[in-house]
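*Asks:* The structure's right below; bear with me while I get my questions together.
The values are calculated or read from the model by the stated rules, or taken from the named source; none is laboratory data. Computed from a predicted structure; not experimentally measured. Cβ sites come from the backbone with ideal geometry, for glycine too, and all protein chains shown count toward neighbours. Ligands, DNA and RNA are stripped out before the accessible areas are found, and what is left, the full protein with its side chains, is counted by its heavy atoms. Shrake-Rupley method; radii C 1.70, N 1.55, O 1.52, S 1.80 Å.
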Amino acid sequence: MNGHGTAPRTALRVTLRTLSDDTFTSTAMSEKATIILDGKSYEFPVITGSEGEKAIDISKLRDDTGYITLDFGYKNTGATKSAITFLDGEEGILHYRGYPIEQLAEKASFLEVAYLLLFGDLPNKKQLDEFEGNIRYHSLVHEDMKRFFEHFPSNAHPMGILSAMVNSLSTFYPKSQDPHRPQALVLRTIYRLIAKMPTLAAISYKNNLGHPYMYPVNKLGYVENFLHMMFALPTEEYKVDPVVSSALNTLLILHADHEQNCSTSTVRIVGSSQSNLYSAVSAGIAALWGPLHGGANQEVIEMLETIRNDGGDIQKWVDKAKDKNDPFRLFGFGHRVYKNFDPRARIIKKACDDVLKKMGVNDPVLDIAKQLEEIALKDDYFVSRKLYPNVDFYSGIIYRAIGIPTRMFTVMFALGRLPGWIAQWKEMVDNKEPIGRPRQIYTGATKRDYVALKDRS
Ligand code: CMC
């Protein structure tokens, strides 16, 4: 095979085997995978992660063999090595920087988790104070931005507004566009983004209502400040309910990172062209908006409402979800990587019961959700495909109980995911990763000559 990337026309045989035994050892780098193409063997290194995950490093595959791999939806493709989040979908495990999600959700604050994701370790008191201070300092958005908000249609979806406004931040801070600026300036951009996104999100909501914007109050904590900007009015006093802020803190932590998901991969790939952080995150927000990703939390509540308004015949909707001729899917069910249970969903289901009880809320869609889960989990269609409730199945019921309107649900997801997006972007930049540029197998017309318009049939 030549080293200039000319693909062979025929492949006689393709097999793959690992040479050494498959257990995780510190000498894992000595493992090799052999690929046999057209009767010729090629060896590729086997990489083992710190939790024992295995990968065949095919970085040199095309140079050595002329072949590429093809993997729709990147179901088997690792795009990077990352030290941020570990996820085992078969066992239902999720760790941020080694810390189990269950412990962080119960004990940490959202900004503590943001610090952990960004810098690799939990902050000490001084580091956390400093970090929180930096975020507080940047919470205002430029007054000129108000004019942008005024020109969105009154029913504009807040995710569209958020994505546009986050991208617009880059125009207010043009130095953020220099990919080689000093670390201190990079950090300032990061603080700005974490500080301003709740402000922008809250303004988009107020704009939707036609209510005056509330400025951030910096004596409040991050979550409390967001609630203040969302729900306070200039005409009356607003006190943050600790049940509400604690529930929101938990939800934000549960969403804070999820390794190489669709929106995070988007942020990394946009950032890999050395475009600025605001634009990369704006693209991530757009990716998150889709109903198969973060947009599912809005879809779930709308689905539960539809089932309720339709008379509550749950079996009918389960059957619709199973029917391949019906486009309906059970939103909040299934996950690309979790094939046992989604640990975040477990925490949220319990939190949902607790929050509704503490707030004295009786939401009839919670009963529908529970019945739906019970019926689906006994149904062979869902069991055989390993489809379980995901993070979005119960989160909307909590958001609703704490007063967040349905169209803002995915914005809440975006606020939570922000530190993860930034940490992943930072890791990609710090590791000097190359521009992301997948290849393809071309299936279109082969070379043909241009035909003049008059000669075309
Ligand atoms: N309802 C009915 N059938 C489903 C569902 C569902 N929610 N999810 C998957 N399936 C079926 C699918 O039709 C396919 O069946 P078959 O093998 O007969 O063709 C099989 O299960 C495998 O599904 P897939 O779509 O090939 O799996 P995927 O890994 O490409 O998609 C998913 C994962 C999350 C997009 C998908 O499960 C889904 O659309 N779920 C509903 C949307 C949702 O809740 N998304 C939120 C995900 S969690 C938040 C986040 O991090 O984004």
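*Asks:* Listed residues Met197, Met159, Met165; which is in contact with a Ser or Thr (Cβ under 6 Å, 6 or more places away or on another chain), under 16 Å from Ser279 (Cα atoms) and at pLDDT 95 or above?
*Replies:* After ruling out the rest, the residue left standing is Met159.
*Asks:* Helices (runs of 4 or more DSSP H) wholly in region 142-240 with at least 3 residues that are of a type outside the set (Val, Ile, Thr) and surrounded by 20 or more Cβ atoms within 10 Å (Cβ to Cβ) - which ones?
*Replies:* Passing ranges, in order: 158-172, 183-209, 222-231.
*Asks:* Same structure again: Looking at (1) touching an Asp or Glu at 6+ places or on another chain (Cβ under 9 Å); (2) near the ligand (Cβ under 10 Å from one of its atoms); (3) farther than 29 Å from Asp379 by Cβ; (4) among the polar types (S, T, N, Q), which is the only condition Asn276 fails?
*Replies:* (2)
*Asks:* Then there is this: Output the number of the condition that Pro438 fails; it satisfies all remaining conditions of (1) within 19 Å of Cys262 (Cβ to Cβ); (2) surrounded by fewer than 21 Cβ atoms within 10 Å (Cβ to Cβ); (3) assigned by TED's automatic domain parsing to the domain that holds Glu259.
*Replies:* (3)
*Asks:* Which one of the conditions (1) near the ligand (Cβ under 9 Å from one of its atoms); (2) within 30 Å of Arg188 (Cα to Cα) does Gly332 fail to meet, given that it meets all the rest?
*Replies:* (2)
*Asks:* Identify the single condition in (1) assigned to a helix (DSSP H, G or I); (2) in contact with a Lys or Arg (Cβ under 6 Å, 6 or more places away or on another chain); (3) within 16 Å of the ligand (Cβ to nearest atom) that Asp392 does not satisfy, given that it satisfies every other one.
*Replies:* The single condition Asp392 does not satisfy is (2).
*Asks:* When both residues are 6+ apart or on different chains and their Cβ atoms are under 7 Å apart, which pairs have a first residue that lies in region 242-262 and is among the hydrophobic types (A, V, I, L, M, F, W, C), and a second that is open to solvent by 20 Å² or more (accessible area, probe 1.4 Å) and assigned to a helix (DSSP H, G or I)?
*Replies:* Pairs that qualify, where the first residue is among the hydrophobic types (A, V, I, L, M, F, W, C) and the partner is open to solvent by 20 Å² or more (accessible area, probe 1.4 Å) and assigned to a helix (DSSP H, G or I), are Val243/Lys358; Val243/Met359; Ala247/Ala351; Leu254/Ile347; Cys262/Ala287.
*Asks:* Pick from Val383, Val429, Val451: which is over 30 Å from Leu118 (Cα atoms) and assigned by TED's automatic domain parsing to the domain that holds Gly312?
*Replies:* Result of the check over Val383, Val429, Val451: Val383.
*Asks:* Given the criterion over 19 Å from the mean Cα position of the chain (by Cα) and among the aromatic types (Phe, Trp, Tyr), identify the matching residue among Phe131, Phe110.
*Replies:* Phe131
*Asks:* Then there is this: Pull out all pairs, ordered by first then second residue, where Cβ-Cβ is under 7 Å, the residues are six or more apart or on different chains, the first lies in region 291-315 and is outside the structural domain of Val365 (by TED's automatic domain parsing) and under 9 Å from Asp392 (Cβ atoms), and the second is modelled with pLDDT under 95 and away from the ligand (no atom under 15 Å from the Cβ).
*Replies:* none
*Asks:* Continuing with the same structure: Among the residues that make up region 302-320, is at least one of them farther than 16 Å from Ala414 by Cβ, within 10 Å of the ligand (Cβ to nearest atom) and surrounded by fewer than 17 Cβ atoms within 10 Å (Cβ to Cβ)?
*Replies:* Scanning region 302-320, I find at least one residue that is farther than 16 Å from Ala414 by Cβ, within 10 Å of the ligand (Cβ to nearest atom) and surrounded by fewer than 17 Cβ atoms within 10 Å (Cβ to Cβ), so the answer is yes.
*Asks:* Looking at Glu132, Glu91, can you tell me which residue is open to solvent by 20 Å² or more (accessible area, probe 1.4 Å), in contact (Cβ under 8 Å) with a residue 12 or more places away in the chain and within 25 Å of Ala202 (Cα to Cα)?
*Replies:* Glu132
*Asks:* Under the condition of being within 11 Å of the ligand (Cβ to nearest atom), touching a residue at least 24 places away in the same chain (Cβ under 8 Å) and in a helix (DSSP H, G or I), which residue from region 373-389 is surrounded by the fewest Cβ atoms within 10 Å (Cβ to Cβ)?
*Replies:* Restricting to residues being within 11 Å of the ligand (Cβ to nearest atom), touching a residue at least 24 places away in the same chain (Cβ under 8 Å) and in a helix (DSSP H, G or I), the top hit is Tyr381.
*Asks:* Inspect region 52-73 for any residue being under 19 Å from the mean Cα position of the chain (by Cα) and either of a type in the set (D, E, K, R) or under 25 Å from Arg346 (Cα atoms) (or both) and give the result as yes or no.
*Replies:* No, region 52-73 contains no residue that is under 19 Å from the mean Cα position of the chain (by Cα) and either of a type in the set (D, E, K, R) or under 25 Å from Arg346 (Cα atoms) (or both).
*Asks:* Which of (1) within 23 Å of the chain's Cα centre (by Cα); (2) at pLDDT below 95; (3) surrounded by fewer than 22 Cβ atoms within 10 Å (Cβ to Cβ); (4) not β-branched (Val, Ile, Thr) does Lys357 not meet, given it meets every other one?
*Replies:* (1)
*Asks:* Using beta carbons and a limit of 6 Å, which pairs, at least six apart or on different chains, have the first residue in region 328-351 and touching a residue at least 24 places away in the same chain (Cβ under 8 Å) and farther than 13 Å from Pro291 by Cα and the second one assigned to a loop (DSSP other than H, G, I, E, B) and more than 12 Å from the ligand (Cβ to nearest atom)?
*Replies:* Lys339/Glu90; Asn340/Glu90; Asn340/Gly92; Phe341/Gly92; Pro343/Gly92
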